[in-house]
Each structure stands twice: as C-alpha cells, then as structure tokens.
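Contents: one structure, followed by commentary.
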Amino acid sequence: GGRGWEGHGPDPYLEGAFAYLETIGIQPQGVVSVAKHLIAQEQEHFRFARTSKLEMGKIIDPEMFNTTSSLSSDIDDRAIHEIYLWPFAEAVRAGVSSVMCSYNKLNSSHTCQNSYLLNYLLKEELGFQGFVMSDWRALYAGLDAANAGLDMTDAW
C-alpha cells in the first residue's frame with residue numbers, strides 16, 4: 001500500500017498489535033504518540049491534489065499532477081470495521097494521544113473533513129479522547145474540517 005513503509009505490513013491484526021504496543025511504550029516516556037494515517041491511505045499516486053503551482057518556494061510543473069481531486073477510497077462499512085479501523089481501535093484502547101487523518105478521501109469525502117469518520121467512528125464509536133491532526137497540506141476546507149472533528153491542522 002501507499003504508506004505501507006510507515007507500518008508493519010498489510011495485516012490489520014499485526015498493525016493493531018503493534019499500534020497498541022508502540023502506544024503503551026512511547027507515551028509513558030512523556031511523548032505524544034500519533035496513530036496515522038486515518039484511514040485507507042493505500043495509494044501514493046493521486047493521494048492528494050495540487051492546487052498551487054508554487055510549493056515551498058519552487059515553481060512546479062502543474063502537468064506533473066494530472067488531478068484536481070484526491071483519490072477516493074470507496075469502502076463499505078463492514079470492511080472499514082473489519083480491516084481498516086482495527087489498528088486505530090487498538091491504538092485508542094492503548095490511550096493514543098493523537099490521530100492523523102490522511103490525504104485521500106473516504107467514500108468521496110476528504111478524511112480530514114469526514115464527520116462520519118472523525119466524529120462518529122473515531123470519537124464516538126472508538127471513544128477516542130485525544131486530538132485529531134491533519135497531515136501536511138491535507139486540509140481543504142477549514143470550517144468543514146473543524147465541524148467534522150479535526151482539532152489541529154499542520155503548521156503550513
């Protein structure tokens with residue numbers, strides 16, 4: 001998958017076990033652990049849209065990014081619960097302090113402004129008590145994201 005190199009492999013049970021163990025290992029040291037990337041960010045190509053020709057002070061070729069919208073991971077509720085949400089459920093069970101939403105869309109809604117994902121699944125169903133942060137430049141509409149459960153955006 002797209003961000004597989006930031007995890008332990010494609011097995012959701014293994015990811016959940018490591019998410020739990022890493023959280024209980026990191027946080028007692030006074031460090032905020034972050035579970036990322038919520039959710040289904042399995043595709044690097046088209047994971048986010050470029051809306052500007054200027055990035056970090058450099059002019060970029062807009063033809064490099066032949067999309068104006070992030071890829072949508074269209075996943076039914078059963079697969080969300082049985083595959084994709086499990087590692088985050090384990091991180092929440094361990095007391096993770098923060099969760100980072102991803103660049104992609106989930107069922108046609110950007111994950112960082114997806115109320116079903118952030119407010120219902122993460123905060124209500126899983127009982128997450130920490131703060132939700134966006135990935136770098138994953139914020140598309142500030143008010144929509146805040147209303148959907150995003151607590152903190154990236155520094156840019």
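Numbers below:
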| read-out | value |
| --- | --- |
| Full-stretch length increase - F131, S115 - with 0.36 nm per residue and alpha-carbon distance subtracted | 4.3 nm |
| Calculated FRET efficiency for the pair D74/I26, C-beta based, R₀ 25 Å, to 0.05 | 0.15 |
| For the stretch 108-156, projected area of the alpha-carbon convex hull averaged over all directions, nm² | 3.2 |
| Residue-wise HN-Hα coupling along the stretch 15-23, computed from phi with Karplus coefficients 6.51, -1.76, 1.60 (Hz; x: Gly, Pro) | 4, x, 4, 5, 4, 5, 5, 5, 5 |
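Each value in this text was obtained by applying a stated rule to the coordinates, not by laboratory testing. On a predicted model such as this, the values are computed, not experimentally measured, just so you know. For neighbour counting, all protein chains shown are included, and Cβ atoms are generated from backbone atoms with ideal geometry for every residue, glycine included.
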